[in-house]
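In what follows, a single structure is set out as structure tokens and then discussed.
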Amino acid sequence: MRRGEKVKDILKQGGPRSGVVLSGWVRSVRDSKQVAFVMVNDGSCLESLQVVMDAALPSHADVVKAGTGAAVRVTGDLVPSQGGGQQWELKASCIEVVGSSDPSYPLQKKRHTFEFLRTIAHLRVRSNVFGAVFRVRNAASHAIHRFFQERGFLWVHTPIITGSDCEGAGEMFQVTTLELGNPPRTEEGKIDFAQDFFARQTSLTVSGQLEAETFALAFGDVYTFGPTFRAENSNTPRHASEFWMIEPEMAFFDLQDNVALATDFIKYMTAFVLEQCGGDIDFLEQWVEKGLRARLEQVVSSQFSVMTYTEAVERLAASGEKFEYPVKWGIDLQTEHERHLTEVLVKGPVFVIDYPKDIKAFYMKVNDDGRTVAAMDLLVPRIGEIIGGSQREHRLDVLLERIRGLGLREEDYWWYLDTRRFGTCPHAGFGLGFERAVMYLTGMSNIRDVIPYPRVPGTAEF
Ligand code: 4AD
Ligand code: MG
């Protein structure tokens, strides 16, 4: 099938020239007596190409009838546009209706709410906003691989089905083929997972970090980029049950190195998106977040602040702000605290480091004070936590003490503990929540609108 050129390339190359072929979907048809104007979009960029169709063309009536959303293939001459709004238009010599669209097509010209568009996630990708969002998402993915590959990192594909809980928070989706109504039982009456598919209890992974650490201790610098799952019942605009995470892990690396890498990483990704998706960013600026471009440019050029958890708590307490959840040393920072810190007190991205040991995962390195760990969360305006990471506890005795103290099953982590037995070294890493990054880059305010088919509590349509 000769489907021709992409709109993006047609506009880039320009004209005038003849014999241009374009395939795409009709966004709108404006029919007047002599000519009809058909806007055709192919998803390659925000712009649709205006096709001018003479009423004398044999397929004129078919095209007009085919309706918004129809698939068409056009051949014609690219000529300077006579109307305003676009530089070039395609003067059609032939238009073929490849697939017509029923009049019930729900994406008509008026503006729809994001809530409504979520109910037609299979069609919303043909709208301008979602076109822009998913092109930005794609560019950000590309940037991430480029960033790490340019620096010699190895991309490691950590397992999706796992027998260990990385975060130790018990927020795992179980994977089983046992008969739910009548599972086999042990003598004590417990479910007998030895008879399950994997001959043990398994779940969907919450993070690839533990496996990534074993690779870092062989390859030096590695990263994961894949889906992760959390069965936390948080119905918020920032939580999804299935989301993608990027988890770099570096050997012979400490917390400071980690902060520096995460900073370079965020800046690189942001600069890449600005460069590759300029038109989409301008569109999102107009319709989604005023000031988006300036904000992103500032991310690229500004310093990120670093502050200890202790200082953050002091500054929040001294701010005079009334929080729903009072601040005091030892609490886990809530979204309201994180946002106040980054939006009001710092007015930009801020790394909070050295959190209390008791609110963080078992694998984080215990600091010399014995009560904090070498953790780092990157907080950003509008979203709060976008990155969570740490230097890892590389000392076997301290790590064992933490695992036992938290009541985790040591035997589940035997292979992880081996890394501390055989050539352990200081190492560090972090996880960037990819959807939160895309929210940050696009200005979208709900995680459901930056992932193709969102999975959140109560919803797994499509
Ligand atoms: O802070 P988290 O839980 O850290 C980890 O999983 C570590 N193992 C990462 C590491 O050090 N390698 O999650 C990391 C990031 C968060 O900062 C957040 O951006 C995102 O993942 N995240 C979520 N994104 C969407 N929905 C959820 N339910 C999320 N939970 C975490
Ligand atoms: Mg976290």
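Values quoted throughout were computed directly from the atomic coordinates according to the rules given, and no laboratory measurement underlies them. Only a predicted model underlies this, so the values are computations on that prediction, with no experimental measurement involved. Cβ placement follows ideal geometry from the backbone for every residue including glycine, while neighbour counts extend to all protein chains displayed.
Okay, here's what the table says:
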read-out	value
Burial order of peptide ranges 402-411, 448-457, 152-161 (average beta-carbon count within 10 Å, highest first)	448-457, 152-161, 402-411
Proximal lysines relative to Lys322, as straight alpha-carbon distance under 22 Å, when same-chain residues fewer than 8 apart are discounted	Lys347
Estimated distance in nm for a label pair at Trp415 and Ser28, the labels positioned 7 Å out from Cα along Cα-to-Cβ	5.7 nm
Principal axes of the range 49-112: Cα extent on each, largest first, Å	34, 29, 17
Simple spin-label estimate for Arg395 and Trp155 in nanometres, 7 Å along Cα-Cβ	3.8 nm
Translational diffusion coefficient (Stokes-Einstein; Kirkwood radius from C-alpha pairs) of the range 105-198 at 20 °C, 1.002 mPa s, in µm²/s	114 µm²/s
Protection proxy ranking of 209-222, 256-269 - average other beta-carbon atoms within 10 Å, highest first	209-222, 256-269
Paramagnetic reach from Glu188 (point 7 Å along Cα→Cβ, amide N under 12 Å) across the range 411-441	none
Listed peptides 242-254, 120-132, 4-16 by packing density, highest first (mean Cβ within 10 Å)	242-254, 120-132, 4-16
Around Thr214: net Lys/Arg minus Asp/Glu count, Cβ-Cβ under 14 Å	-3
Residue list for the range 241-256, given a label point 7 angstrom along the Cα-to-Cβ vector of Asp264 and an amide N cut-off under 15 Å	248-256
Radius 12 Å from Cβ of Phe37, net charge of other residues (Lys, Arg +1; Asp, Glu -1)	0
Convex hull per residue volume in Å³, alpha carbons only, for the range 211-300	141 Å³
Check: the chain dipole with +1 on Lys, Arg Cβ and -1 on Asp, Glu Cβ, in debye	1860 debye
Spatially proximal lysines relative to Lys65 (Cα-Cα < 24 Å; intrachain offsets below 8 disregarded)	Lys33, Lys91, Lys109, Lys110
Two-site FRET efficiency, Arg17 against Phe173, from Cβ-Cβ distance with R₀ of 56 Å, rounded to 0.05	0.55
